[in-house]
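Any read-out appearing in this document is the output of simple, stated calculations on the displayed coordinates, not a laboratory observation. Values in this document were obtained by computation on a predicted structure and should not be read as measured data. A quick note on method: Cβ atoms are made from the backbone with ideal geometry, for glycine too, and the neighbour counts reach across all protein chains shown.
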Amino acid sequence: MPETFDLQRTLKAVLGGQKDAFLAVVRVYGPSLRTFLGTQLFHLDELDDMAQEVFIAAYHSLPNFKRTEDFGAWLRGIARHKLLNYYQRTARRRQTLELFRKDASVIVESDLEEAAARTTETHLQVLLGCINKLPDRMRKVVRGWLDGEKAAALVDELKLSLANIYQIQHRASQALRECLKKELAHAE
């Protein structure tokens, strides 16, 4: 029969230098902590990372834990603090990314307009011809890309990993660039 978990004895062992004893705390309090975090986060990978951060912080702060307090509530307090920091970081990241997008669009807008003005019907016909010369998988990836389809949507259709789809996109870009240079040089 498994031994009953005794929080006070386990904490005493951890504070006494038996670091591995903290694994019992993680086993016992992990499911409820993950449930609490799961109500606050959207992605499973974020949940795992956050739970790990909370347990690491708890381990380091263990000498400050008052033994008369509710350990689960103490863990949730650490989790709330970690969540607040996470939300602040991600909000700043989103704001920075949005500013970058606005700045980048201003910078490249004139270049895009100039490139569009230089693009002729011949260029488009050459591009379509180059696309048709691509191998079947590569052509499907490019067509999905041109249709605005996300790479992740092609994973099931082509039965490839997302990394493979991105690699095919990269290779297709290179092949199209080379084909366009070659075909447009012949057209001029």
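Values computed for the structure shown
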read-out	value
Subset of region 156-165 that is within 18 Å of the chain's Cα centre (by Cα) and surrounded by 15 or more Cβ atoms within 10 Å (Cβ to Cβ) - its residue that is nearest to Met138 (Cα to Cα)	Ile165
Qualifying positions in region 2-30 - among the charged types (D, E, K, R) and closer than 21 Å to Ala51 by Cα	Lys19, Asp20, Arg27
Within region 1-30, tally of residues that are of a type in the set (Val, Ile, Thr) and exposed (fewer than 11 other Cβ atoms within 10 Å of the Cβ)	1
